[in-house]
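Below: one structure, written as structure tokens.
The values are calculated or read from the model by the stated rules, or taken from the named source; none is laboratory data. As the structure is a prediction and not an experimental result, all values here were calculated from the model. FYI the Cβ positions are ideal-geometry reconstructions off the backbone, even for glycines, and counts take in every protein chain you see.
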Amino acid sequence: MKILHFSDTHLGFNDLDIINYENINQREADFYDAFSQIVEQIKTIKPDYIIHTGDLFHRSSPSNRAITFALEKFKEIESLDIPFILIAGNHSTPRTNLSSPILKIFENFKNIYVSYNQEYKKIEFDDVIFHTLPHLNDDSKALTQIELCEANISESKKNIMMMHCSVGAWYLMQEFGEWVYPTNKEYIFSKMDYVALGHWHGFGAVGKYENVYYSGSSERTSLNDKRNSKGFIFATLEENLTIEYKEINIRAIRQKEIDCEDFETSIQNLDVGDCLDAIVEVKLKNLTPLSSIDIQNKQIKDIFPSAMSVSIKREFKKSDSNSDIQNLEAISLEEYFLEHIKEESEDKEYERLKSKVQELFSKYEELSYDTN
Ligand SMILES: [Mn+2]
């Protein structure tokens with residue numbers, strides 16, 4: 001039995017305020033592209049079952065574009081005549097009972113089976129039972145739902161459990177409504193042939209279990225996610241379970257550092273060869289308040305002309321006295337200006353200009369106090 005497991009596709013997610021040639025947010029388009037790549041793989045691999053473990057959409061009320069895209073792709077999957085089972089994650093579950101769950105739009109597809117009612121649902125075929133546990137807003141209900149799942153384990157068929165949660169505290173995403181699977185119910189995993197998990201955005205087995213896996217997300221929903229590898233799981237379930245992780249192509253994220261103590265050399269030594277179309281994050285380190293004023297963001301961005309985006313993080317040099325951030329705020333325009341004159345002029349000339357500058361600045365201050 002061949003199963004293709006993917007998850008956390010977050011359709012409709014957008015970021016970075018960059019619009020592509022089709023007038024779509026570039027990051028949003030990246031998520032559609034990742035999804036399309038997986039659909040193409042499904043067509044090639046032709047698994048016996050396709051499963052998605054939650055967060056199909058980024059929001060519980062997705063945009064028209066996200067919904068339209070999903071419907072187009074689901075139609076392609078539908079035509080393959082392969083059962084496709086999906087559960088709701090925390091992102092696609094409405095927070096109140098007043099709004100209708102979005103996964104309901106797939107109810108009328110012949111080969112698509114959705115589980116979104118915040119309760120255990122058994123989805124049964126000739127050779128396998130999918131024990132689905134979608135996201136629950138009220139996790140005090142979880143225990144009874146897990147017990148229902150346990151009671152439905154079949155002796156004669158394969159058993160596959162599908163959930164969207166953190167198993168142990170390790171896989172928490174610091175998001176609204178996420179829940180932790182109760183540790184004292186983890187023994188159920190050994191009664192399952194495969195436990196397919198969603199929520200955690202990296203691929204991997206969970207702890208000591210050889211049959212419990214997160215497929216990871218298909219793209220990164222945060223720039224804190226530095227993973228350059230995203231994909232899906234191709235599981236083969238015969239006597240034994242074989243897990244294969246298949247990578248897709250996603251936009252790269254690159255982290256670069258510039259040492260501002262040796263600015264010119266550090267820039268010359270930068271490797272920018274891997275930054276084509278990438279999300280680039282540059283850390284300027286060892287900054288002083290004055291060098292920070294001198295180094296413009298534009299100047300740094302120009303070093304990476306082929307990147308899709310460049311974000312700059314400024315890190316100040318540690319000093320013995322007060323923190324440099326405080327120093328930076330404490331430096332007035334007057335002090336900065338005087339510092340500049342000091343560097344540029346002879347001592348005597350500096351003294352003369354200094355008194356002149358101080359005089360002008362105090363006049364200016366008086367003036368601005370009056371008008372305020
Ligand atoms: Mn997610």
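Is it the case that Tyr194 is in contact with a Cys (Cβ under 7 Å, 6 or more places away or on another chain) and either surrounded by 14 or more Cβ atoms within 10 Å (Cβ to Cβ) or in the same structural domain as Phe6 (by TED's automatic domain parsing) (or both)? When the stated conditions are applied, Tyr194 does not pass them.
Restricting attention to region 191-228 and to residues that are aromatic (Phe, Trp, Tyr) and under 22 Å from the mean Cα position of the chain (by Cα), the residue that is nearest to Gln37 (Cα to Cα) turns out to be Phe203. From the list Lys141, Lys122, Lys75, exactly one residue is part of a strand (DSSP E or B), surrounded by fewer than 18 Cβ atoms within 10 Å (Cβ to Cβ) and assigned by TED's automatic domain parsing to the domain that holds Thr221. Which is it? Step by step, each of Lys141, Lys122, Lys75 is checked, and only Lys122 is part of a strand (DSSP E or B), surrounded by fewer than 18 Cβ atoms within 10 Å (Cβ to Cβ) and assigned by TED's automatic domain parsing to the domain that holds Thr221.
Of all residues in region 175-202, those that are outside any strand (DSSP E or B), within 20 Å of Tyr245 (Cβ to Cβ) and touching a helix residue (DSSP H, G or I) at 6+ places or on another chain (Cβ under 6 Å) total 1. I'd like to check something: does region 84-92 contain any residue that is outside any strand (DSSP E or B), within 16 Å of the ligand (Cβ to nearest atom) and without any contact (Cβ under 8 Å) to a residue 60 or more places away in the chain? Yes: region 84-92 contains one or more residues that are outside any strand (DSSP E or B), within 16 Å of the ligand (Cβ to nearest atom) and without any contact (Cβ under 8 Å) to a residue 60 or more places away in the chain. Evaluation of Arg27 against the conditions (1) within 23 Å of Cys165 (Cβ to Cβ); (2) crowded, with 21+ Cβ neighbours inside 10 Å; (3) within 16 Å of the ligand (Cβ to nearest atom) shows that the sole unmet condition is (1). Given the criteria in contact with a helix residue (DSSP H, G or I) (Cβ under 7 Å, 6 or more places away or on another chain) and either of a type in the set (Asp, Glu) or surrounded by 23 or more Cβ atoms within 10 Å (Cβ to Cβ) (or both), does Leu56 qualify? Considered against the rule, which asks whether it is in contact with a helix residue (DSSP H, G or I) (Cβ under 7 Å, 6 or more places away or on another chain) and either of a type in the set (Asp, Glu) or surrounded by 23 or more Cβ atoms within 10 Å (Cβ to Cβ) (or both), Leu56 comes out as yes. Residues that are modelled with pLDDT of 95 or more and assigned to a loop (DSSP other than H, G, I, E, B) were ranked within region 203-219; the one that is farthest from the ligand (Cβ to nearest atom) is Asn211.
For region 193-229, a residue qualifies if it is under 15 Å from Gln174 (Cβ atoms), in contact with a Phe, Trp or Tyr (Cβ under 6 Å, 6 or more places away or on another chain) and not β-branched (Val, Ile, Thr), and exactly one does: Trp200.
Residues in region 60-72 that are within 18 Å of Ser115 (Cα to Cα) and either exposed (fewer than 15 other Cβ atoms within 10 Å of the Cβ) or of a type in the set (A, V, I, L, M, F, W, C) (or both): Ser61, Ile67, Ala70, Leu71.
Take the conditions (1) part of a loop (DSSP other than H, G, I, E, B); (2) under 30 Å from Gly202 (Cα atoms); (3) touching a residue at least 12 places away in the same chain (Cβ under 8 Å); Val282 misses just one of them, which is (1).
A search for C-beta distances below 6 Å between a residue of region 5-20 that is at positive phi and any residue that is hydroxyl-bearing (Ser, Thr, Tyr), counting only pairs 6+ apart in sequence or on different chains, returns Asp8/Ser217; His10/Thr221; Gly12/Ser63; Leu16/Ser309. Evaluating Glu264 against the criteria (1) over 29 Å from Asn25 (Cα atoms); (2) in contact with a strand residue (DSSP E or B) (Cβ under 9 Å, 6 or more places away or on another chain) leaves one unmet condition, (2). Among the conditions (1) under 20 Å from the mean Cα position of the chain (by Cα); (2) under 15 Å from Thr132 (Cα atoms), the only one that Ile188 does not satisfy is (1).
Between Tyr113, Tyr171, Tyr187, the distinction of being of a type in the set (Phe, Trp, Tyr), away from the ligand (no atom under 16 Å from the Cβ), assigned by TED's automatic domain parsing to the domain that holds Leu56 and more than 30 Å from Glu76 (Cα to Cα) belongs to Tyr187 only. Checked across region 96-109, the condition of being farther than 15 Å from Phe6 by Cβ, part of a loop (DSSP other than H, G, I, E, B), of a type in the set (Gly, Ala, Ser) and more than 16 Å from the ligand (Cβ to nearest atom) holds for at least one residue. The single residue among Leu148, Leu80 that is in contact (Cβ under 8 Å) with a residue 12 or more places away in the chain and assigned to a loop (DSSP other than H, G, I, E, B) turns out to be Leu80.
Out of Asp15, Asp55, one residue alone is touching a Gly at 6+ places or on another chain (Cβ under 6 Å), assigned by TED's automatic domain parsing to the domain that holds Asn108 and among the charged types (D, E, K, R). It is Asp55. Of everything listed in (1) in contact with a strand residue (DSSP E or B) (Cβ under 7 Å, 6 or more places away or on another chain); (2) under 30 Å from Leu284 (Cα atoms), the single unmet condition for Thr236 is (2).
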